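Comments concern the structure below.
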Amino acid sequence: SLPTIRNFTCTLFKNLDSYKQHGTGVFVKIGTKYFLFSAAHVFDDFEKLFIPIEEGKLLIKPGGKIIKNNTKKDRKSDELDLAILILDNQSVKDLSIDYSFLESSNLEINHSSIDFMSYIVFGYPSSWTKKSNSTNSFHSRPFVGFTKCANLNEYKKLKRNEYLNLIVEYDRQNTPNFKSKSISYGPDLFGISGCVLWYINPFDLKSEPKLIGIMNEWSISNRHRLIATRIDAYTEILRKEGIIDFQETELFGFK
């Protein structure tokens with residue numbers, strides 16, 4: 001599944017002089033609409049963001065309508081941290097050169113967590129990105145974390161709600177390193193915000209991975225925990241706005 005997952009995932013960086021890796025995003029198609037999903041704290045700097053295509057030799061500044069939540073206090077305590085870009089036609093055309101759009105049938109709302117290593121975090125850490133001056137291109141190595149969901153008592157400790165968030169483990173001591181083909185010490189995860197939490201059904205290994213959440217936090221209080229906003233929040237906001245025709249979540253409702 002990893003090559004397929006990579007096709008849906010992009011890096012988001014700012015500062016054209018240094019190509020600073022800032023966040024990650026995922027491309028999704030629901031009905032006739034095309035979207036870029038990420039985290040709100042990544043899109044707080046949206047005007048400065050670019051997406052690489054053609055192995056980083058060209059940079060695209062995507063256009064369209066932005067939807068994101070406004071935090072009540074600060075982003076660090078923001079349990080929603082949600083950002084959506086409804087892509088315009090030109091951006092869809094340009095991005096389709098390198099990327100694919102995940103079909104809505106691969107979104108899983110109302111997900112009930114299970115105690116299996118059936119989850120994948122796939123994003124681009126800032127520490128694993130670099131610019132090649134010789135070829136004037138940008139190169140990113142993905143972080144792939146195989147993980148499982150944390151116990152329910154972790155939600156209260158981290159001040160999160162199970163109906164809105166998903167919390168997974170980060171075993172930094174045992175991280176797959178596909179470059180060295182070994183298990184090694186994992187990277188700092190700054191830069192993966194906006195990437196996807198995927199679920200693969202352990203009872204049907206031929207099934208395609210399902211998008212169940214968008215990652216937005218590497219917990220400061222517990223570095224062994226990563227936090228995502230459920231995909232239900234993204235689809236429900238778009239559904240409420242009349243932008244998509246999609247199944248209503250059973251977990252919560254927005255006024």
Residue list for the stretch 102-133, restricted to those being open to solvent by 30 Å² or more (accessible area, probe 1.4 Å) and of a type outside the set (Ser, Thr, Tyr):
Glu103, Glu108, Asn110, Ile114, Asp115, Phe116, Met117, Trp128, Lys130, Lys131, Asn133
Criterion (of a type outside the set (Phe, Trp, Tyr) and in contact with a strand residue (DSSP E or B) (Cβ under 7 Å, 6 or more places away or on another chain)) met by exactly one of Gly253, Gly242, Gly194
Gly194
Can you find a residue that is open to solvent by 30 Å² or more (accessible area, probe 1.4 Å), modelled with pLDDT of 95 or more, more than 17 Å from the chain's Cα centre (by Cα) and closer than 24 Å to Pro3 by Cα anywhere in the stretch 75-92?
no
For the stretch 148-166, how many residues meet the condition of being in contact with a Phe, Trp or Tyr (Cβ under 6 Å, 6 or more places away or on another chain) and of a type in the set (A, V, I, L, M)?
0
Residues in the stretch 229-255 that are assigned to a loop (DSSP other than H, G, I, E, B) and either at negative phi or touching a helix residue (DSSP H, G or I) at 6+ places or on another chain (Cβ under 9 Å) (or both) total 14
Could you tell me which residue of the stretch 125-142 is farthest from Cys195 (Cα to Cα), considering only residues that are modelled with pLDDT of 80 or more and assigned to a loop (DSSP other than H, G, I, E, B)?
Arg141
Please report, ordered by residue number, the strands (runs of 3 or more DSSP E) entirely within the stretch 152-228 with at least 1 residues that are open to solvent by less than 30 Å² (accessible area, probe 1.4 Å) and at pLDDT 95 or above.
165-169, 196-199, 210-218
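The values are calculated or read from the model by the stated rules, or taken from the named source; none is laboratory data. Bear in mind that the values here come from a model prediction, so they are computed numbers and not experimental data. Glycine also receives a Cβ, built like all others from the backbone with ideal geometry; neighbour counts cover every protein chain displayed. To get the accessible areas, we keep the full protein, side chains included, count just its heavy atoms, and leave off ligands, DNA and RNA. Shrake-Rupley method; radii C 1.70, N 1.55, O 1.52, S 1.80 Å.
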